[in-house]
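Below is one structure, written out as structure tokens; the observations come after it.
The values are calculated or read from the model by the stated rules, or taken from the named source; none is laboratory data. These numbers come from a predicted model, not from an experiment. Reconstructed Cβ throughout: ideal geometry from the backbone, glycine too, with neighbour counts over all protein chains shown. Remember, those area values only see protein heavy atoms, side chains included, never the ligands or the DNA or RNA. Shrake-Rupley method; radii C 1.70, N 1.55, O 1.52, S 1.80 Å.
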Number of protein chains: 4
Amino acid sequence: MLVVMKSGAVQSDIDRVCQAIVDLQLTPHPIPGKVRTAIGITGNVAPVDPTLLSSLPGVIEVIRVTKPYKLTGREMKPEDTIVQVGDVRVGGPAITVIAGPCSVESREQTVPAARQLKDLGADMLRGGAFKPRTSPYTFQGLGEEGLRILAEARQQSSLPVVSELMNTEDLELIERYVDVIQIGARNMQNYHLLRRVGQSRKPVLLKRGMAATLEEFLLAAEYIMAEGNRNVVLCERGVRTFSDYSRFTLDLSIIPEIKRISHLPVIVDPSHAAGKRALVIPLARAAIAAGADGVMVEVHAEPKKARSDGAQSLDLEMFAELMEELRIITPAVRREGTPTP
Amino acid sequence: MLVVMKSGAVQSDIDRVCQAIVDLQLTPHPIPGKVRTAIGITGNVAPVDPTLLSSLPGVIEVIRVTKPYKLTGREMKPEDTIVQVGDVRVGGPAITVIAGPCSVESREQTVPAARQLKDLGADMLRGGAFKPRTSPYTFQGLGEEGLRILAEARQQSSLPVVSELMNTEDLELIERYVDVIQIGARNMQNYHLLRRVGQSRKPVLLKRGMAATLEEFLLAAEYIMAEGNRNVVLCERGVRTFSDYSRFTLDLSIIPEIKRISHLPVIVDPSHAAGKRALVIPLARAAIAAGADGVMVEVHAEPKKARSDGAQSLDLEMFAELMEELRIITPAVRREGTPTP
Amino acid sequence: MLVVMKSGAVQSDIDRVCQAIVDLQLTPHPIPGKVRTAIGITGNVAPVDPTLLSSLPGVIEVIRVTKPYKLTGREMKPEDTIVQVGDVRVGGPAITVIAGPCSVESREQTVPAARQLKDLGADMLRGGAFKPRTSPYTFQGLGEEGLRILAEARQQSSLPVVSELMNTEDLELIERYVDVIQIGARNMQNYHLLRRVGQSRKPVLLKRGMAATLEEFLLAAEYIMAEGNRNVVLCERGVRTFSDYSRFTLDLSIIPEIKRISHLPVIVDPSHAAGKRALVIPLARAAIAAGADGVMVEVHAEPKKARSDGAQSLDLEMFAELMEELRIITPAVRREGTPTP
Amino acid sequence: MLVVMKSGAVQSDIDRVCQAIVDLQLTPHPIPGKVRTAIGITGNVAPVDPTLLSSLPGVIEVIRVTKPYKLTGREMKPEDTIVQVGDVRVGGPAITVIAGPCSVESREQTVPAARQLKDLGADMLRGGAFKPRTSPYTFQGLGEEGLRILAEARQQSSLPVVSELMNTEDLELIERYVDVIQIGARNMQNYHLLRRVGQSRKPVLLKRGMAATLEEFLLAAEYIMAEGNRNVVLCERGVRTFSDYSRFTLDLSIIPEIKRISHLPVIVDPSHAAGKRALVIPLARAAIAAGADGVMVEVHAEPKKARSDGAQSLDLEMFAELMEELRIITPAVRREGTPTP
């Protein structure tokens, strides 16, 4: 249920509606817009009688929301959400390019590369300190040491940093070092983790699960938002199919559909989907052409030496080529180009 | 196996190699290139001793081809294939836009629309006369009457025409009326049909089966090419997945992969994949950005009245918008734009 | 739409209703049951007014059928269909075991094996004369020579024979030699072929397409039945998924669901689904336990020498073991066991 | 790598080999068998020279294990693992039936039903106290109150209890109340959680992720076992496909394949896969016929009142019917039947 306030409604009107919602043992979620405020209602098991709210001062309309997602939907918030990360505005007119190694392996591999990525036009640095690996016997990341290296790379490159959180116990640690908390595909339905990052003040980059429907994807974001954290960036990274030539099947159709039904920004990770570097640049171009707000790509100074995902990592030369391609295609979808370095 | 001839090899050298191949009870496929001729060999069950051929005059190299596809692969023919249809060159520098109704329903619906599509910049007209329908109780197309309407539309619009062939018995009929024979997704592994269009002189537009791997897709093209018809255009149209918001999942990653391993042109049909028109324009943009040689879209003058696939058909206004978008994005991938009308 | 006649309705009542349906430019399909006759109606694009029929003498009820399939549904024919093939009754109390080589390779390989299969308890002989092969360069079957060998094997073993038809042109040939016409998974939506076998008097074994939904599967059977051939046996053979250890994913859940909504018999082919012989016996057991009316398995006297699908073929010893297992499990699902040889 | 000791090897031989492995900075995992002991080695990034170990006293063979899973594989432990839960032996000659409501809703709903399930022949009680729900706005379980109710149900029915753990913070709580810790499909790759239950002394029931390959499934079990907990029961519960009639596609082929390559017991949950109760009994029968060590089914005294998954829950009458069916089919696969109540 969604209560839409008149454009002239004052704060006391809004407060009164919120109190009425609380009296119904439900939770109000005021969503201030440029023109008017809407108040989302969550927690109702049974339908609520709309007349209990529609007669209150300042209320223009009470809308039944039939979709199971509410806070993520455009019905509740028609305007695009822009997630601010330092100077970077994900979901704004400019596209966002996030780049970096799959996992942080050493200071030497990470810090100079971060500076070069910045020089080549990247907007944010990615790098895993905690790695979700299919086998318990493979490299699992450097942990806090990796986070410290990322922090130094940020300081030297002035790029904000995104890194993955795998369990609630590491939340404080991650929060101390990174600018954006990534929730990986394997944890998209780890609801406890979603709730906890929902209580964080850091923006969250939520990757789509490898077999998640669109509705499940939005409901995972809903878990985060229902806890109060409205700064969620969605990330398409490929779904599991019978494909014989790529690791996952990148589902670019979801980009315009998310744009249609949700106000959240959405970016694309072509590296994990493809699993081979030859496909990364064309897919990054296609992602932007489909309307994505940015791309996240794996870049490694020496891909052949990478301890994970080397086959899909771009080297710095290929990253420069990617940036050049994006600079050309971005204005063709009426987005602002990333600044020429 | 592939025999690569020296650039200075003369026809008698080539003939001698072909004869040696025939003597081995195999079939030679001479593939003349700009610089040199290669001779593909098919029909071998067991491996062939390459020294039997490598010592012949004019031979520079004999290459084992380990992939099951041969004629479709870049190893045999490194240069891009361009399929000529009237004045249209599919796979050349310019992208190709094929548009028209799902099925031909009447003269009135088809002929004026064809002229308008031409005016708006379409390169080819599509329209089904024989329709593969999931249910035997739904509209199955007008048959020959539909083909006659298409022929009139071609005459009045000067657009070449592509229409689907569903069984071998209709081949002569289709050949008489259309410029490009379409093989639909449901018939991608109808091998008898593939062989028969392989004997036709008309170019073939081969749609990917809804659960076809890349290798199966190329081997379906191989069936056509092995019969002598080298004018095959591949078409990605979405694969079947668990998707809850689109009819099929458009697999754009296959575009750069096909470009890498095959010389055949490849286009994309976003209409059938999406199943709803709101996704068609962004996906068409993404297809071109991924490197596709063109798009095929459903356009209906009055989508609400369409007897099939109305929900995914663009109207003429949306088609004009699509063409405008493609005009902007095409140069960004260094392809020639379609001429402004 | 379905017209249900009173149990006491006489033939002239039935004829009158059929005529009324014809007058509405629709097609009546009388389906005589043990107790009463129902008359299915097909061909209606728009809804029909039921009162036009419900007032006729002998009519007890007129039921709107909302599912797109009609003739295949239990609503139209509540009683199980039994398909008679010689002495074999597919869908009756006893389960049916169909066995034989993937493709007929020689008289020597086929005829003695058929006799042994009969001795071991098989009910029908399978064997491909026309083979749908992914690659044009692999063994495509012996054609008519293969059919002749099958006919001899039938004569010597007294097993009825099932073999695949791949295109309409071979229909008369196939009809001459085989007892059951198989439509393969790749042709499940080859509608022209379906219509043509619908006009045949031979029973049809229809394999599920590798990405076919249940509705599409039943509608493919509907194509056959709408032409008048009611002797259709459905066959589940695995669907395409991301599985990393089997060729296809055998979907046994479809067995009880088909039994619930359709009256047609359904058997299971575990050999093609598994792709490896170690899984065939447990899956055959599971198929019968799930309620299947039989199984179809690949058996080759010398699997290592098979020209196709050797890895999944049982040898005769394993087939004997399978029969032993089935003899034990069949009574546990209250089906009649196959006779002990 | 796996070191196989002679049957006559004494403890000091085993200790010496373990020490040698530790000296190589690797981890030894002694696996005592009935006849001989094998010592698994984990932790090696690079290959280890086998001669360093093969010359030690008591060693009969050093085997390279090429599969990424080790502790879960039959190569390391050829004998079936039996997981003991109270008097129940999962993976032994008798099949195991686990039954109970999707979620624990009240004392009244749970305790009497547990006694009835026991009377009808169930071996274990299932019930969720913490529920992973796709939407944050649906019933999430009673938490510790639910666990207390389960404990009372156990006391009154003497059935061991299995319940799901969703995050590490609840581990001690769950351990206090339940006999088997369930890891749900959505958490199959929540590696932190897997490691923590690997340190628990309670057996773990690990459900397959909805898009997990067999290798990923076994590697998830490997995470648990590598921490020392060898009591893992695998559970197939359906994978995500395009199916239009069931919630998931139950992949019964995985049962014989797991039995072939792993020593771990494996059970099947037909309720979540099917999503409708009409399919549960036939699929349970098929699971046992395929070789599963047991089934886990949802049973609710009043399915229509269930707060989650009511559509797929059996009522007690249907559960009695299921038990009757299993009693008939179990001996047909040469397993011991559950005792007649």
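What to note about this one:
- Residues within the stretch B:47-74 that are open to solvent by less than 70 Å² (accessible area, probe 1.4 Å) and either without any contact (Cβ under 8 Å) to a residue 60 or more places away in the chain or not small (G, A, S) (or both), tallied: 17
- Whichever residue in the stretch C:309-330 is open to solvent by 40 Å² or more (accessible area, probe 1.4 Å) and modelled with pLDDT of 90 or more and, among such residues, is nearest to the other protein chains (Cβ to nearest Cβ): C:I328
- Any hit, the stretch D:32-50, residues being touching an Asp or Glu at 6+ places or on another chain (Cβ under 6 Å), over 30 Å from D:S158 (Cα atoms) and at pLDDT 80 or above: no
- Any hit, the stretch D:299-308, residues being hydrophobic (A, V, I, L, M, F, W, C) and either modelled with pLDDT of 95 or more or closer than 18 Å to D:V90 by Cβ (or both): yes
- Those residues of the stretch A:181-217 which are closer than 18 Å to A:G141 by Cα and hydrophobic (A, V, I, L, M, F, W, C), in sequence order: A:I181, A:I183, A:A185
- Subset tally (residues that are in contact (Cβ under 8 Å) with a residue 60 or more places away in the chain, in contact with a helix residue (DSSP H, G or I) (Cβ under 6 Å, 6 or more places away or on another chain) and farther than 15 Å from D:M296 by Cα) for the stretch D:75-110: 0
- Checked against (1) over 30 Å from the mean Cα position of the chain (by Cα); (2) modelled with pLDDT under 85, A:P57 meets all criteria but (2).
- Flag for B:G209 being in a loop (DSSP other than H, G, I, E, B), open to solvent by less than 20 Å² (accessible area, probe 1.4 Å) and either out of contact with any Cys (no Cβ under 7 Å at 6 or more places or on another chain) or of a type in the set (S, T, N, Q) (or both): yes
- Sole residue being closer than 21 Å to D:R240 by Cα, crowded, with 24+ Cβ neighbours inside 10 Å, within 14 Å of chain B (Cβ to nearest Cβ) and β-branched (V, I, T), chosen from C:V239, C:V232: C:V239
- The lone exception for B:E215 - which of (1) under 30 Å from D:R247 (Cβ atoms); (2) of a type outside the set (G, A, S); (3) surrounded by fewer than 24 Cβ atoms within 10 Å (Cβ to Cβ) it fails: (1)
- Lone unmet requirement of (1) open to solvent by 40 Å² or more (accessible area, probe 1.4 Å); (2) touching a residue at least 40 places away in the same chain (Cβ under 8 Å); (3) among the basic types (K, R) for B:K131: (1)
- Every residue from the stretch C:218-229 that is open to solvent by 10 Å² or more (accessible area, probe 1.4 Å) and either closer than 23 Å to C:L252 by Cβ or at the interface with another protein chain (Cβ under 9 Å from one of its Cβ atoms) (or both): C:A226, C:E227
- Residue within the stretch D:190-207 that is under 27 Å from D:G310 (Cβ atoms), at pLDDT 95 or above, within 14 Å of chain A (Cβ to nearest Cβ) and touching an Asp or Glu at 6+ places or on another chain (Cβ under 9 Å) present: yes
- Qualifying residues in the stretch A:8-36 (those that are of a type in the set (D, E) and open to solvent by less than 90 Å² (accessible area, probe 1.4 Å)) - the one farthest from A:S54 (Cα to Cα): A:D15
- Scanning the stretch A:143-159 for residues that are in contact with a helix residue (DSSP H, G or I) (Cβ under 8 Å, 6 or more places away or on another chain) and open to solvent by 20 Å² or more (accessible area, probe 1.4 Å) turns up A:E144, A:R148, A:A151, A:E152, A:R154, A:Q156, A:S158.
- When C:I281 is tested against (1) within 14 Å of chain B (Cβ to nearest Cβ); (2) over 16 Å from B:A211 (Cα atoms); (3) not hydroxyl-bearing (S, T, Y), only condition (1) is not met.
- Residues satisfying the stated conditions in the stretch D:144-172, i.e. within 12 Å of another protein chain (Cβ to nearest Cβ) and of a type outside the set (S, T, N, Q): D:E164, D:L165, D:M166, D:E169, D:D170, D:L171
- Listed here are the helices (runs of 4 or more DSSP H) enclosed by the stretch D:138-206 that have at least 1 residues being in contact (Cβ under 8 Å) with a residue 12 or more places away in the chain and under 18 Å from the mean Cα position of the chain (by Cα): D:171-177, D:191-198.
- The single condition among (1) crowded, with 24+ Cβ neighbours inside 10 Å; (2) more than 13 Å from every other protein chain (Cβ to nearest Cβ); (3) within 30 Å of C:T42 (Cα to Cα) that B:V90 does not meet is (3).
- Scope the stretch C:259-278; condition at the interface with chain D (Cβ under 9 Å from one of its Cβ atoms) and open to solvent by less than 20 Å² (accessible area, probe 1.4 Å); matching residues: C:P270, C:A273, C:A274
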